[in-house]
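My questions will all concern the structure given below.
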């Protein structure tokens with residue numbers, strides 16, 4: 001996963017903004033034009049384009065221009081890197097918390113046993 005570190009940094013930086021997360025959520029349902037992505041946002045089209053540029057630089061979004069319409073798509077493989085990173089952290093902490101729970105349960109049994 002270390003070789004993906006820079007890409008993860010760019011991805012999490014891109015996802016740090018609520019407008020960009022809104023765009024990613026929309027693109028998870030399928031391709032969309034820039035104007036479709038701009039619809040629910042309260043910002044100018046040039047601002048939307050700047051946000052899209054950040055998403056493209058992170059690798060999360062790809063776009064292509066056909067005629068006068070720029071269509072954006074999500075790169076699910078890149079998005080899965082973030083999902084895997086989060087999943088790995090969750091699994092690690094679940095193991096640690098399970099071990100702590102077992103330790104505390106054992107300690108509680110020993111404490112109760114010494115009282116009798």
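The values are calculated or read from the model by the stated rules, or taken from the named source; none is laboratory data. If you're wondering where the values come from, they're calculated on a predicted model, not measured in any experiment. A quick note on method: Cβ atoms are made from the backbone with ideal geometry, for glycine too, and the neighbour counts reach across all protein chains shown.
With respect to residue 53, is the statement that it is at pLDDT 95 or above and either surrounded by 11 or more Cβ atoms within 10 Å (Cβ to Cβ) or on the phi < 0 side of the Ramachandran plot (or both) true? Break it down stepwise before answering.
Details: at pLDDT 95 or above: yes; either surrounded by 11 or more Cβ atoms within 10 Å (Cβ to Cβ) or on the phi < 0 side of the Ramachandran plot (or both): yes.
For residue 53, the condition - at pLDDT 95 or above and either surrounded by 11 or more Cβ atoms within 10 Å (Cβ to Cβ) or on the phi < 0 side of the Ramachandran plot (or both) - is met.
Quick one: in segment 42-63, of everything that is free of Cβ contacts under 8 Å to residues at least 40 places away in the same chain and closer than 17 Å to residue 28 by Cα, which residue is farthest from the chain's Cα centre (by Cα)? Give the derivation first.
The initial filter retains those residues of segment 42-63 that are free of Cβ contacts under 8 Å to residues at least 40 places away in the same chain, namely 42-53, 56, 61-63.
So of that shortlist, the ones also closer than 17 Å to residue 28 by Cα come out as 51-52, 56, 61-63.
Details: 51: 16, 52: 16, 56: 14, 61: 13, 62: 16, 63: 19 Å.
Here the residue is 63.
Assuming residue 39 fulfils every condition listed in (1) under 25 Å from residue 86 (Cβ atoms); (2) over 17 Å from the mean Cα position of the chain (by Cα) apart from one, which condition is it?
(1)
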